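Have a look at the structure below, then the notes.
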Amino acid sequence: SVILMISIAIFYKNGAAYNTPQKALQKYQEYSSAQKYGKLYDLFDIKDSDFVNKKTFVQACEDSKVSTEEMMLEDIKKADHKRYFFFDQYQLDCMPSGVREREIYVPYVKGATLEVNGKKVGKECLNKNQTEYVIRVFTPDGMTFTYKNAKGVIKEKEYRVEDQGDSRSYWVNLEYTEKEKAKAKDRQAGSDVLPFCFLLCETNLKKLKKI
């Protein structure tokens, strides 16, 4: 039993010392200076998606030529998961220079299928109002957006990121067909007439009340 207690004590001591804020910082400096970007990825708390994952992270680091840079203990946070269910894990809370998650906002066209770089985008990427897709990426460079079965609403062509809202937000502008533009003008004209019709009816109602 004494041997068992000693073994447990050693297990806890070694396990607790395996990952500390200082160790996480040391690993960052080691992996970044050696350009081991795949291992560097594991030091961050990043939610994987089709366009935000280890492969795209490595590519972004290579494009930005990430190397050793100064990180502080303030840039380290405690992870949500534990090692072996017991020991705290620590991750970096600050991305390397030139690498960050960005969001691309792409309009939702009812009934149409959106593909990004040939991959179908699911409705789980829609915002709460279901008016646009929000696609997370590390870099929008070279990305193409195509719609299928748009039913004459927009021109079915390859779209690319054009407008940048800020350093983390990008927009894709669509080209609507002439038919759809005409419909939009008719809807706008109808909305302009409605207030006048409403006032006319309201005036007639007041006259009837007087009679």
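The values are calculated or read from the model by the stated rules, or taken from the named source; none is laboratory data. If you're wondering where the values come from, they're calculated on a predicted model, not measured in any experiment. Each accessible area value is taken on the protein alone, full model and side chains, heavy atoms only, with ligands, DNA and RNA left out. Shrake-Rupley method; radii C 1.70, N 1.55, O 1.52, S 1.80 Å.
Total residues in segment 143-188 satisfying the condition of being closer than 21 Å to K55 by Cα and open to solvent by 60 Å² or more (accessible area, probe 1.4 Å): the figure is 1.
Can you tell me which residue among L25, L114 is in a helix (DSSP H, G or I) and either over 25 Å from the mean Cα position of the chain (by Cα) or at pLDDT 85 or above (or both)?
Values: L114 fails: in a helix (DSSP H, G or I).
Result of the check over L25, L114: L25.
For segment 89-116, the set of residues classified as over 18 Å from F51 (Cα atoms) and of a type in the set (F, W, Y) consists of Y90, Y108, listed by residue number. Kindly indicate whether any position in segment 76-93 is under 20 Å from the mean Cα position of the chain (by Cα) and modelled with pLDDT of 85 or more. Checked against the condition, which is being under 20 Å from the mean Cα position of the chain (by Cα) and modelled with pLDDT of 85 or more, segment 76-93 yields no hits at all.
Regarding V58, is this residue open to solvent by less than 40 Å² (accessible area, probe 1.4 Å) and either charged (D, E, K, R) or at pLDDT 85 or above (or both)? Walk me through it before giving the result.
Working: open to solvent by less than 40 Å² (accessible area, probe 1.4 Å): yes; either charged (D, E, K, R) or at pLDDT 85 or above (or both): yes.
The answer is yes for V58.
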